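Single-structure report; data block below.
Read the figures in this text as sums done on the coordinates, not as results from a lab. Since this is a predicted model, take the numbers as computed values, not measurements. Positions of Cβ are backbone-derived with ideal geometry, glycine not excepted, and every protein chain shown enters the neighbour counts.
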Amino acid sequence: MSAPLVVSLPHRLGREEAIRRLKEGLTRAASSVPVLKVDEERWEEDRMIFRVRALGQAVSGHVDVADDHVRVEVMLPWLLQRFAQAAQAAIKNRGNLLLTKRS
């Protein structure tokens, strides 16, 4: 098994606001990516556990929300390992959009 893909996203929202935005964001983000389908999204306190399907492959992971950052850890199946850099960039981009403080 390969090492997980880990992305850390700093924010200034506080834990509760970051969780609120993330709860709204996964399904919305998945709907904008035609090859991505959310199979599971479950919250356990400050951790979201998820399973999505991309290109017919199951991808699982979790998101830990802290007061000043969000840590995303994703286990990619070997068939999707070649897309790890693109996945990391997409997670950073979408995450920053969700966690950027709006005036």
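Tabulated results
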| quantity | calculated |
| --- | --- |
| Value of [θ]222 nm, deg cm²/dmol, for the chain, DSSP H segments ≥ 4, -39500 (n - 2.57) each, nearest 500 | -10500 deg cm²/dmol |
| Lys/Arg +1, Asp/Glu -1 at C-beta; the chain dipole; positive extreme among L80, I19, L9 | L80 |
| Identified option (computed Cα Rg over 2.2 N^0.38 Å; candidates (i) 1.02; (ii) 1.37; (iii) 1.18) | (i) |
| At R0 = 25 Å, FRET efficiency that the Cβ-Cβ distance of D67 and D39 yields, to 0.05 | 0.30 |
| Charge dipole (debye, nearest 20) of the chain; +1 at Cβ of Lys and Arg, -1 at Cβ of Asp and Glu | 440 |
| Residue-count net charge about L36 - beta-carbon cut-off 14 Å; Lys, Arg +1, Asp, Glu -1 | +2 |
